[in-house]
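Just below is one structure, and these are the notes that go with it.
Here, each number is a calculation from the coordinates, and none is a lab measurement. For clarity, every value in this text was computed on a predicted model and none was experimentally measured. Glycine also receives a Cβ, built like all others from the backbone with ideal geometry; neighbour counts cover every protein chain displayed.
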Amino acid sequence: MTDIKNTADKSAQPEINYLRLFERFALILVWLLLIAGFSIVMPDSFFSWGNFSIMFASYAPAVLLALAIIVPLTAGDYDLAVGATLTMSSCLIGVLNVWYGVPIVLCIAIALGTGVVIGLFHSLFIIYFRIPSLVVTLGTTSLMTGIVQWITNSSTIGGIDNALIMAVVGGRFLGVPYAFYYALAAVVVMWYVFDFTALGRRLLFVGRGREVARLNGIAVDRMRMGALITSAVLASMAGVIYAGVLGSADPYSGLNFLLPAFAAAFLGSTTILPGRFNPLGAIVAVYFLATGIAGLTMLGIPLWVTNVFNGGALILAVTISQLTRGRETSDIG
């Protein structure tokens with residue numbers, strides 16, 4: 001009788017799926033192996049806290065951009081304009097603060113407010129005029145690029161208020177500039193919203209089937225609008241951080257972040273919570289890519305290799321993401 005009871009208890013316990021467990025943390029493992037490899041090859045230059053602290057701070061805007069991308073992606077929309085929004089935000093700060101003497105706090109508020117306007121603009125055409133999000137955000141990318149070149153005279157603007165620089169990279173905690181912790185705080189907040197609130201569940205529901213979500217009483221259009229506005233505001237925040245990291249405004253800066261951020265968004269959906277765009281996976285993916293780029297740069301690899309690395313990572317990430325998401329969907333169904 002005891003044997004039967006023990007057998008029943010064992011059968012009732014859930015089996016550990018080691019393959020799924022490995023899949024959840026495979027990217028972290030590969031990241032650690034990448035760090036180990038570069039550290040062995042370049043023990044003095046690569047494996048130093050100074051190198052990692054610089055990398056953590058300089059890629060903080062990319063983390064915020066990756067978050068800006070995954071919010072509308074979760075709702076089923078693309079935002080290709082996040083890079084241009086970053087550039088618009090940082091250049092507004094440069095123009096207003098350096099050329100017109102506007103206080104830096106007001107400049108930041110204007111930059112974030114511009115993000116809200118951009119999100120509303122996207123929502124108008126995507127949701128109410130039903131134009132595909134790819135078309136709208138690609139168009140606004142070109143539109144904002146032209147506006148930025150106009151207001152900056154296509155020139156880099158230096159001399160941004162030192163208060164912003166000190167708030168972003170001047171102060172440090174555990175040797176790492178504050179820029180990283182701003183990005184980390186955004187990741188934690190979004191992780192909580194996605195995983196522990198009804199809002200996050202509704203957003204995921206909308207992305208998996210708008211008509212079904214609408215029939216279940218979810219305000220689909222409002223959810224999509226909120227996602228698009230959040231995306232633009234996060235991209236504007238990335239621009240503020242980037243202006244603080246550089247201490248200047250570069251009218252061509254957004255292009256450098258767009259591809260890595262998209263690659264990180266899709267690559268992040270293959271780890272931690274495979275099959276879902278998730279903020280924890282996104283930050284891991286950003287710094288995985290950053291480690292690869294930093295290591296290759298220190299090895300003296302030509303600049304074009306960085307573009308090949310980012311492009312290849314994006315294609316591979318999207319492929320793996322699609323396979324994983326397809327499998328997750330079939331598991332649910």
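Values for this structure:
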| read-out | value |
| --- | --- |
| Check: the chain dipole with +1 on Lys, Arg Cβ and -1 on Asp, Glu Cβ, in debye | 600 debye |
| Helix-only [θ]222 nm of the chain, DSSP H runs n ≥ 4, -39500 (n - 2.57) each, per residue, nearest 500 | -24500 deg cm²/dmol |
| Full-stretch length increase - residue 143, residue 162 - with 0.36 nm per residue and alpha-carbon distance subtracted | 3.8 nm |
| Ascending count of other beta-carbon atoms within 10 Å, so fewest first, for 78, 100 | 100, 78 |
| Pair-distance profile P(r), taking every C-alpha pair of region 50-251, with 10 angstrom steps and integer % | 10, 34, 33, 18, 5, 0 |
| Burial ordering of 130, 276, 210, fewest other beta-carbon atoms within 10 Å first | 130, 210, 276 |
| Neighbourhood net charge (13 Å Cβ-Cβ; Lys/Arg +1, Asp/Glu -1) for residue 216 | +4 |
| Extension gain from residue 21 to residue 172, taking 0.36 nm per residue of separation minus the Cα-Cα distance | 50.9 nm |
| Sorted by Cβ neighbour density within 10 Å, fewest at the top, the residues 224, 214, 20, 202 | 20, 214, 202, 224 |
